[in-house]
1. Using the heavy atoms of the protein chains and a 1.4 angstrom probe, tell me the accessible area per residue for chain B in square angstrom.
2. Which one, B:15, B:80, B:38, is farthest towards the positive end of the dipole of region B:15-128 when Lys and Arg carry +1 and Asp and Glu -1 on their Cβ?
3. Kindly state, to the nearest 0.05, the FRET efficiency for residue A:99 paired with residue A:123, given R0 = 51 Å and r defined as their beta-carbon distance.
4. Just counting partner chain Cβ atoms within 10 Å, what average do the residues of peptide B:88-99 show around their Cβ?
5. If one computes the Cα centroid of region B:70-105 and of region A:59-86, what distance in Å separates the two points?
6. Which value, in Å² and to the nearest 10, is the accessible area of residue B:110 when all protein chains are kept and the probe is 1.4 Å?
7. Total Å² of accessible surface buried at the B-A contact, 1.4 Å probe, nearest 100?
8. Specify the residue with the greatest mean-square fluctuation among B:114, B:78, B:44, computed from a Gaussian network of chain B linking alpha-carbon atoms under 10 Å apart.
Number of protein chains: 2
Amino acid sequence: MAAKKQTPPGKELINFARLQDYIGYRARQAQSAIFRDFTTITDSVGLSPGEFSLLTLIGANPGINQVTLVSLHNLDKSTLSLAIRDLKRRNLIESRRQTEDGRYFALYLTKLGSQRQRQATALVEGQERRMDKMLKPGEREILLDLLKRISKAFD
Amino acid sequence: MAAKKQTPPGKELINFARLQDYIGYRARQAQSAIFRDFTTITDSVGLSPGEFSLLTLIGANPGINQVTLVSLHNLDKSTLSLAIRDLKRRNLIESRRQTEDGRYFALYLTKLGSQRQRQATALVEGQERRMDKMLKPGEREILLDLLKRISKAFD
DNA sequence: TATTGTTATACTCTATAACTATA
DNA sequence: TATAGTTATAGAGTATAACAATA
């Protein structure tokens, strides 16, 4: 009978309270949009977002150990341990017990891991270029600087 | 024996590859810092972050239904249904079946829910003011605008 | 038939605690 | 005793699918 839907109202009819004026809210929206796309990218090369991040850090820091990765990732060591085990099983990384201090295991990318990491990196750079299209010259640097300062507000 | 720790190296010794130059990476760092603090805030009034968000939207849109909330939240309706049930149990919201179309339940804050929402909002505004301290005049508006445009890159 | 909302179930990611191995 | 790393277990948050109620 009615020509147009009565409910649910479109987003434009919704009262967002002050939400849209909050940095917290906008940062969540943006990060969530980026992350959804990022997940599609890492999925396409058979990695989770966290795994891509781990492969990148291990690739750039050969011989890094788990304690150091934990401090970079805000993860518990038990959580990281599971992720590491999984990456080993899939032959993406390998670990060798250090001779100087046998408590540490030095982590390295395998050839396969290195290849996957490079594949994913190329796709992620593409994502960055898509974001650049929304920005004017110089605005990328401004955004990075502002985000860095926001992070520092919670140190 | 050694005077200084050998491992793990401090963050300053870590090679971050290109990570620090990515908007995706910086946005994740910033959002994650904000969110950790946000969780502490909502915890302190007995809410989860998602519950605070739901209470805010219901408070600003009395009579809103679950389909509409789902479209705003990027959640499955089954997930939202559980959250709504929980908020009802704790007497923070109430729902009334609509007379015009009995498939819908109109949602409202209870007095208690409204009070909690206001408490949390005051604390969240405090968080925004702490972020402002890292920014110069005008930079908040710039940041909000840039974040909005980044979100639009993935529409 | 289509839509709103619920429930059973399972999956993913995470942390806590107890553990082993090395120092 | 202290630190690196593993494992068992549990909790939070999520989605899928089957369902009931209403239109």
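The values are calculated or read from the model by the stated rules, or taken from the named source; none is laboratory data. Keep in mind the model is a prediction, meaning the values are calculated, not measured. Reconstructed Cβ throughout: ideal geometry from the backbone, glycine too, with neighbour counts over all protein chains shown. Calculation scope for accessible area: heavy atoms of the full protein, side chains included, ligands and nucleic acids excluded. Shrake-Rupley method; radii C 1.70, N 1.55, O 1.52, S 1.80 Å.
1. Numbers: 8830 Å² over 155 residues.
In whole numbers, chain B has 57 Å² accessible per residue.
2. B:80
3. Working: r = 38 Å, r/R0 = 0.74.
The formula returns an efficiency of 0.85 here.
4. 0
5. 40
6. That residue has around 10 Å² of solvent-accessible surface.
7. 5900
8. The residue with the greatest mean-square fluctuation here is B:78.
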